[in-house]
Amino acid sequence: MRIWYQLLSAEVGMKYSIAATQALANRAAAPGTTVEVRGTRDGALGDNYRLFWHYDAREVIENGLKVRQEGGYDAFVIANSLEPGIVELREMLNIPVVSFMEVSCFTACTMGERFGLVVPNEKFIPRYREIAIGNGLRDRLAAVESVQFDNIRDFNTVFTDAATGDRLRDQVFEAGRRAINKGAEVLIAPGPSTALMASRGIYELDGVPIIDSYSLLVKQAEAMIAMHRLTGIHISRKRLYQSPPEDLVRKAAEIHGIDALRNG
């Protein structure tokens, strides 16, 4: 199995965060599975703001269309918890598209009645609440609490400076306990927080699981690939993820200059 594993982190500015995620993915992968963790050119500069996130999402979509055009991969993993391009890529790719929040949230629902999210900063709270509720999990979401990393690039330093890593760990614990006090029985810490916790072997807080989402994504992708091979099915083409007809794809490619779609 070969998996394209897409982060939003900038490949240069967030290289230590990307390396930590690659190490977790390698550990989780079954024999015979290759996970290629990819960043973006300039992403995660300020994706708590929708405008900046929009431009990052376009690069993720472009990478997915490149995979569609060139082939060679068995699954495309959107490993960013804001799920950039999830609908667009599921419309267009003929391989499973696996996404961070769906996998983490629905797995959390198998582990406890209600879950809590520990997000990077306060600005993110409405967005993550929106994603969980959009997945139909309003009644399963106990709380969305934040740590205080307003500069997203600071997350890179937590993997190179022990004191900064300790500060993030302590903030995750504080926010996690606030979520637990509001009824969370499982915790999800989107972004580099989950990589830091897993890299340090921290998988629970006061008896409440902290999901190792990056490793979980690898295992879910492997399962989806296996089912795709077994049944030939990986997605519904009814309504939401219906693919556009080939003549429309070619016309759109010509009008919008999308090289990856020129052959339909």
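No lab work stands behind these numbers, since they all come straight from the coordinates. Computed from a predicted model, the values in this text were never measured in an experiment. In this analysis, Cβ positions are derived from the backbone assuming ideal geometry, glycine residues included, and neighbour counts consider all displayed protein chains.
For ARG178 and ARG27 in the same chain, what is the full-extension length gain: residue separation times 0.36 nm, less their Cα-Cα distance, in nm?
Contour length minus Cα-Cα distance gives 51.3 nm.
Quick one: Cα convex hull volume of the stretch 96-233, Å³ per residue?
Residue-normalised Cα hull volume stands at 114 Å³.
Where the Cα atoms of the chain are projected onto their three principal axes, how long is each span, largest first, in whole Å?
On the principal axes, the chain reaches 55, 38, 36 Å in Cα extent.
Using a 7 Å offset from the Cα along the Cα-to-Cβ direction at both GLU11 and LYS123, what is the distance between the two label points in nm, to one decimal?
Simple spin-label model gives 2.6 nm for this pair.
Please state, to two decimals, what the Cα-based radius of gyration of the stretch 207-255 comes to when divided by 2.2 N^0.38 Å (N = residues).
Against the compact-globule rule of thumb, the ratio is 1.80.
Counting other Cβ atoms within 10 Å, keep those with at most 13, restrict to DSSP loop, and tell me which chymotrypsin sites (Phe, Trp or Tyr not before Pro) in the stretch 86-119 are left.
Answer by residue number: there is no such site.
Compute from the Cα atoms of the stretch 1-77 the Rg and the Dmax, the latter being the longest Cα-Cα distance, and quote both in angstrom.
Radius of gyration, then largest Cα-Cα span, for the stretch 1-77: 13.1, 40 Å.
If I model a spin label at TYR49 and ALA226 as a point 7 Å from the Cα along the Cα→Cβ vector, what separation in nanometres do I get?
4.5 nm
What number, in percent, do you get for the relative contact order of the chain if the mean sequence gap of Cα pairs under 8 Å and at least 6 apart is divided by its residue count?
22 percent
Explain nothing, just the number: dipole magnitude of the stretch 193-260 about its Cα centre with +1 on each Lys and Arg Cβ and -1 on each Asp and Glu Cβ, in debye rounded to the nearest 20.
280 debye
Modelling each spin label as a point 7 Å along the Cα-to-Cβ direction, I'd like the LEU240/GLN69 distance in nm, to one decimal.
Going by the 7 Å Cα→Cβ label model, 2.9 nm.
Rounding to the nearest 20 debye, state how big the charge dipole of the stretch 15-90 is about its Cα centre with +1 on each Lys and Arg Cβ and -1 on each Asp and Glu Cβ.
100 debye
For the stretch 18-129, what does the convex hull of the Cα positions come to per residue, in cubic angstrom?
133 Å³
With +1 on each Lys and Arg Cβ and -1 on each Asp and Glu Cβ, and nothing else charged, work out how big the dipole of the chain is about its Cα centre, in Debye to the nearest 20.
In total the dipole reaches around 460 debye.
Find which of THR160, THR110, PRO209 sits farthest along the positive direction of the dipole of the chain, computed with +1 on the beta-carbon of Lys and Arg, -1 on that of Asp and Glu, about the Cα centre.
THR110
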